[in-house]
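Chemist: Before I ask anything, here is the structure I am working with.
Laboratory data are not the source of any read-out in this text; all were calculated from the coordinates shown. Nothing here was measured: the structure is a model prediction, and the numbers come from that model. Because the Cβ atoms are built from the backbone with ideal geometry, glycine has one as well, and the counts that use them run over all protein chains shown.
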Ligand SMILES: Nc1ncnc2c1ncn2[C@@H]1O[C@H](COP(=O)(O)OP(=O)(O)OP(=O)(O)O)[C@@H](O)[C@H]1O
């Protein structure tokens with residue numbers, strides 16, 4: 001069925017195998033009907049004493065042939081149905097859910113309008129990509145279908161739901177990522193070495209999910225207290241530390257303005273003895289100067305080769321500047337005036353902005369943690385909020401999420417469930433996770449602060 005028809009029967013939305021089974025059953029019914037007709041007619045003829053039974057026996061032959069055809073059709077249909085791919089089943093279930101009049105008409109299609117083309121492919125175990133093409137329906141209309149699609153996946157697919165929606169660059173199609181949301185994809189880490197993925201540019205979050213540093217930039221981490229922010233960030237740092245320091249002066253710098261657990265680690269910066277943050281500003285400016293050096297190396301190599309050389313192509317490892325409690329840290333700096341020319345909020349803000357916007361090309365990234373996604377004036381500058389290309393919100397709520405992402409990107413997310421520490425909504429500009437999805441950060445079953453201290457010590461000792 002290519003066009004929307006209000007009167008279209010349920011049969012139109014069946015899979016080809018189910019249609020063959022229905023056809024077989026109907027053929028059987030007709031054959032039985034003919035058989036009954038034959039018996040009734042022979043009774044009538046015999047009661048009239050007639051011996052002309054040739055027309056009656058033709059009913060019988062046709063009935064037998066139809067019976068055999070019916071059985072064959074049912075057998076073929078069942079066999080086809082048993083071998084039907086899950087992607088095909090999902091495609092037909094969704095087709096019925098979206099275009100069968102009795103199930104509502106979520107796209108508000110008019111009689112005779114062309115139905116959007118629909119394809120479904122199996123991308124990996126328990127994951128499917130359903131692609132709907134635009135046409136009568138716009139990208140915006142299609143993006144709103146994620147809840148309808150999740151709702152029509154029931155029975156055999158009741159564990160499946162749409163977890164991400166994305167449109168192609170040309171706005172010709174909208175893809176829905178459908179996955180088994182009950183599969184435990186959590187990473188249970190017994191030793192930090194397990195966080196060393198096969199590639200230094202990929203920071204593992206869950207099975208099959210990474211932060212890809214080749215396509216994304218700095219990382220904004222938000223979430224209320226005890227939501228799992230620090231633990232999540234430590235998993236990122238442990239992964240980066242596990243690759244060791246590169247020969248281009250990579251850094252892993254931690255800034256803890258709260259003077260809490262992190263500040264006790266080696267190579268961590270906290271408040272000066274007088275309560276000022278001069279040491280912190282100095283560390284940030286040192287980090288910035290490493291970006292310039294690394295960029296210069298890359299520029300020279302690019303000049304030599306005549307093509308742009310990327311940081312990860314020459315064996316650079318990612319550098320990180322992690323500022324815990326960014327808003328508190330920012331509040332430490334005085335306003336700029338004639339007495340604070342070398343130590344003021346503008347110097348801090350501008351350095352962070354430069355690192356966020358220019359660092360990624362030299363493999364240098366900022367991780368900012370904030371307790372309130374809602375911070376406005378005096379908090380997270382809006383420029384940073386949009387420039388930070390990886391966003392993570394721990395133990396998310398919809399009002400907080402709306403401050404980090406456009407509301408329409410949040411349609412797929414299950415807002416009704418209770419989130420535990422380590423649960424987060426995550427997005428990154430890597431072409432795969434551009435719309436936020438639900439993740440759980442690695443569960444680390446070892447003393448993480450001790451391990452972090454040990455790896456930092458090792459990282460700087462080696463060079
Ligand atoms: N990925 C995780 N999986 C399971 N439990 C976690 C995870 N991350 C954190 N937790 C639990 O949540 C607790 C709080 O985590 P964490 O200290 O990282 O939160 P936080 O948001 O940084 O809090 P604060 O703002 O108070 O520093 C941890 O002690 C741990 O028990």
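Chemist: Just need the relative contact order of the stretch 10-82 here, percent rounded to a whole number, with Cα pairs under 8 Å and 6+ apart.
Modeler: About 54 percent, as a whole number.
Chemist: Something else now. Hey, how much of the P(r) for the stretch 262-385 falls beyond 19 Å, as a percent of Cα pairs?
Modeler: The proportion of pairs with Cα distances above 19 Å equals 54 percent.
Chemist: Work out, step by step, the length gained on full extension between residue 335 and residue 308: first 0.36 nm times the residue separation, then minus their alpha carbon distance; give nm to one decimal.
Modeler: 5.7 nm
Chemist: Arranged by the count of other C-beta atoms within 10 angstrom, fewest first, what order do 160, 10, 103 take? The partial results should precede the final answer.
Modeler: Working: 160 22, 10 11, 103 15.
Fewest to most other Cβ atoms nearby, the residues stand as 10, 103, 160.
Chemist: Set the Förster distance to 25 Å, then compute FRET efficiency between residue 108 and residue 9 from the Cβ-Cβ distance, nearest 0.05.
Modeler: Values: r = 21 Å, r/R0 = 0.84.
Plugging the Cβ-Cβ distance into 1/(1 + (r/R0)^6) gives 0.75.
Chemist: Nearest 10 degrees, 0 to 90: what angle lies between the long axis of helix 16-47 and the longest principal axis of the chain (Cα atoms)?
Modeler: Here the helix axis deviates by roughly 10 degrees.
Chemist: Helix 54-82 versus the longest principal axis of the chain: what is the Cα-based angle in degrees, 0 to 90, to the nearest 10?
Modeler: Orientation of helix 54-82: about 10 degrees from the principal axis.
Chemist: Ok, one more. How large is the convex hull of the Cα atoms of the stretch 361-423 per residue, expressed in Å³ as a whole number?
Modeler: Hull volume over Cα atoms, normalised by residue count, gives 117 Å³.
Chemist: Also, quick follow-up: Sort the stretch 188-462 into rounded, prolate or oblate with this rule: let a ≥ b ≥ c be the square roots of the eigenvalues of the Cα gyration tensor; rounded if a/c is under 1.5, and if a/c is not under 1.5, prolate when a/b is larger than b/c, oblate otherwise.
Modeler: Rounded, since a/c falls under 1.5.
Chemist: Continuing with the same structure: Assuming a ≥ b ≥ c are the square roots of the Cα gyration tensor eigenvalues, decide whether the stretch 306-463 counts as rounded (a/c under 1.5), prolate (otherwise, with a/b larger than b/c) or oblate.
Modeler: rounded
Chemist: Could you check the simple spin-label distance between residue 274 and residue 443, using points 7 Å along Cα→Cβ, in nm with one decimal?
Modeler: Label at residue 274, label at residue 443, 4.9 nm between them.
Chemist: Just from its helices, what would the mean residue ellipticity at 222 nm be for the chain, if runs of 4 or more DSSP H residues each count -39500 (n - 2.57) and the sum is divided by every residue, rounded to the nearest 500 deg cm²/dmol?
Modeler: -12500 deg cm²/dmol
Chemist: Just how far, in whole angstrom, is the stretch 414-463 from the stretch 233-288 if you go by their alpha carbon centroids?
Modeler: With the stretch 233-288 and the stretch 414-463 each reduced to a Cα centre, they are spaced 17 Å.
Chemist: Test of understanding: what is the full-extension gain from residue 62 to residue 140, defined as 0.36 nm times their sequence separation minus their Cα-Cα distance? List each step's numbers first, then the result.
Modeler: Values: separation 78, 0.36 × 78 = 28.08 nm, distance 5.49 nm.
Stretched fully, the residue 62-residue 140 segment lengthens by 22.6 nm.
Chemist: Quick check: the angle from helix 229-241's long axis to the longest principal axis of the chain, C-alpha only, nearest 10 degrees?
Modeler: Roughly 80 degrees, rounded to the nearest 10.
Chemist: Hey, any idea what the orientation-averaged projected area of the convex hull of the chain's Cα atoms comes to, in nm²?
Modeler: Spelled out: convex hull of the Cα atoms, projected over all directions, averaged, 31.4 nm².
Chemist: With both partners inside the stretch 188-462, how many of the DSSP beta bridges are antiparallel, as a percent to the nearest 5?
Modeler: 40
Chemist: Okay, next question. Just the number, please: percent antiparallel of the DSSP beta bridges in the chain, rounded to the nearest 5.
Modeler: 60
Chemist: While we're on this one: I'd like the distance separating the alpha-carbon centroids of the stretch 29-99 and the stretch 306-366, in whole Å.
Modeler: 76
Chemist: Can you work out the FRET efficiency for the pair residue 202 and residue 172, with r the C-beta to C-beta distance and R0 = 22 Å, to the nearest 0.05?
Modeler: 0.15
Chemist: Where in the stretch 307-351 is the amide nitrogen less than 17 Å from a point lying 7 Å along the Cα-to-Cβ axis of residue 264?
Modeler: Residues passing the 17 Å test: none.
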